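Trainee: Can you read through this structure? Questions will come right after.
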Amino acid sequence: MKKVEVIDRIQVKGKRYNVPAEDVEIERLIKRCLSIKKKIGSMKEDLEGVESRLIEIARARREGTTTVTLNGISVQSLITFRESYQVKNEIIDIKKSLGPLFTRFFTKKEEFKATGDFKKFMESDHALGIKNPRKVKAEILKYVSVKETKPSVKMEPQFLK
């Protein structure tokens, strides 16, 4: 014989129901879950707004660095900017100008991607054996653009000493 379930009473939208106690618990848990999800969604929107403002402030203070530290009195935030180069497939047109450096700077999978050496070349004064590096860099920039990904934001408590 099946075990007798405990019956409990619940009111939903002004109407009372007599249902098994476990169903009452299920109803309450699901309602709580939906309420929490709604609050989390709202909080995520607020967080994105706050992070967006921090990124805006950090971008103004960046001065070419990758990471910007924003210090408060008791907290700090580290904003890390990440960039990558997007390379057009037409980059092959300047392969002759770069010579053997072309394969050092670019790899091709389904499309060309810039290597770490390329970033160093573009951001430094080192010519790597190229006779007119400014001209070559200008040529390259016709085919390559900088793409910034969403910056990373960390917030940490900062203990007063």
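The values are calculated or read from the model by the stated rules, or taken from the named source; none is laboratory data. Bear in mind that the values here come from a model prediction, so they are computed numbers and not experimental data. Every residue, glycine as well, gets a Cβ built from its backbone with ideal geometry; the counts of neighbours run over all protein chains shown.
Trainee: Could you list, in sequence order, all residues of region 112-145 that are over 16 Å from K96 (Cβ atoms), surrounded by fewer than 12 Cβ atoms within 10 Å (Cβ to Cβ) and of a type in the set (D, E, K, R)?
Mentor: E123, D125, R134
Trainee: Among the residues of region 68-85, which ones are under 17 Å from the mean Cα position of the chain (by Cα) and modelled with pLDDT under 90?
Mentor: F81, R82, E83, S84, Y85
Trainee: If a residue has to be within 19 Å of the chain's Cα centre (by Cα), farther than 19 Å from V146 by Cα and not small (G, A, S) to count, how many in region 41-67 make the cut?
Mentor: The total comes to 11.
Trainee: Scan the strands (runs of 3 or more DSSP E) fully inside region 1-86 and keep the ones with 2 or more residues being without any contact (Cβ under 8 Å) to a residue 60 or more places away in the chain, surrounded by 13 or more Cβ atoms within 10 Å (Cβ to Cβ) and aliphatic (A, V, I, L, M).
Mentor: 67-71
Trainee: Now a separate question. Of the residues that make up region 133-149, is at least one over 26 Å from L47 (Cα atoms), modelled with pLDDT of 80 or more, outside any strand (DSSP E or B) and in contact with a strand residue (DSSP E or B) (Cβ under 6 Å, 6 or more places away or on another chain)?
Mentor: Within region 133-149 (the criterion being over 26 Å from L47 (Cα atoms), modelled with pLDDT of 80 or more, outside any strand (DSSP E or B) and in contact with a strand residue (DSSP E or B) (Cβ under 6 Å, 6 or more places away or on another chain)), the answer is no, since none of the residues qualifies.
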